[in-house]
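Notes to accompany the following structure.
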Amino acid sequence: MNEPWRALLSPKERLARSRLRKLLNEPGILRASLIHMKRRCGNPSCRCASAKRYWHLSWYIGQSNSGRRRMKFLPEALVPEVESWIECYREVHSLLNEVSSENWNKIVRRTKRPR
């Protein structure tokens, strides 16, 4: 069932909208950054407490929300899944910019004054 408004879309916009629909049906999307941090664990008998150059490496996700930064520890097993969610968000954001740009161009073409 084709809707008449689809005929008005450029091929570039149709592709972007199609990809957006597929991405939004994926199980996860996350606006965040994946951060690999060095830290000391706090255990007094651990090597990191006495060795100046020894640190534990851990993964965190970071996000700015209402101007405030928040971070959450991320277990190693979740890193690949969260990475894919973040990549999905980046692609959605890029596709939305493409669609917006196409619509901006439509408005510019419709409002040009003949000379």
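Screening segment 89-115 for residues that are of a type in the set (D, E, K, R) and open to solvent by 80 Å² or more (accessible area, probe 1.4 Å) and picking the one that is nearest to the chain's Cα centre (by Cα) gives ARG90.
Whenever a residue of segment 31-43 is over 17 Å from VAL92 (Cα atoms), its partners that are among the β-branched types (Val, Ile, Thr) and outside any loop (DSSP other than H, G, I, E, B), lying with C-beta atoms within less than 8 angstrom and at least six residues away or across chains, give the pairs LEU34/ILE61; LEU34/VAL79; LEU34/VAL82; LEU34/ILE86; ILE35/ILE61. For segment 58-88, which residues satisfy the criterion of being open to solvent by 70 Å² or more (accessible area, probe 1.4 Å), touching a Gly at 6+ places or on another chain (Cβ under 9 Å) and over 24 Å from ARG40 (Cβ atoms)? GLU81, TRP85 - these are the residues of segment 58-88 that are open to solvent by 70 Å² or more (accessible area, probe 1.4 Å), touching a Gly at 6+ places or on another chain (Cβ under 9 Å) and over 24 Å from ARG40 (Cβ atoms). Does SER50 count as of a type in the set (S, T, N, Q), surrounded by 13 or more Cβ atoms within 10 Å (Cβ to Cβ) and over 30 Å from LEU95 (Cβ atoms)? Judged against the criteria, SER50 is not a match. Of the candidates LEU23, LEU9, the single residue that is over 15 Å from the mean Cα position of the chain (by Cα) and surrounded by 12 or more Cβ atoms within 10 Å (Cβ to Cβ) is LEU9.
The values are calculated or read from the model by the stated rules, or taken from the named source; none is laboratory data. Model, not experiment: these values are computed from the prediction. Glycine also receives a Cβ, built like all others from the backbone with ideal geometry; neighbour counts cover every protein chain displayed. Ligands, DNA and RNA are excluded from the accessible area calculation, which covers all protein heavy atoms including side chains. Shrake-Rupley method; radii C 1.70, N 1.55, O 1.52, S 1.80 Å.
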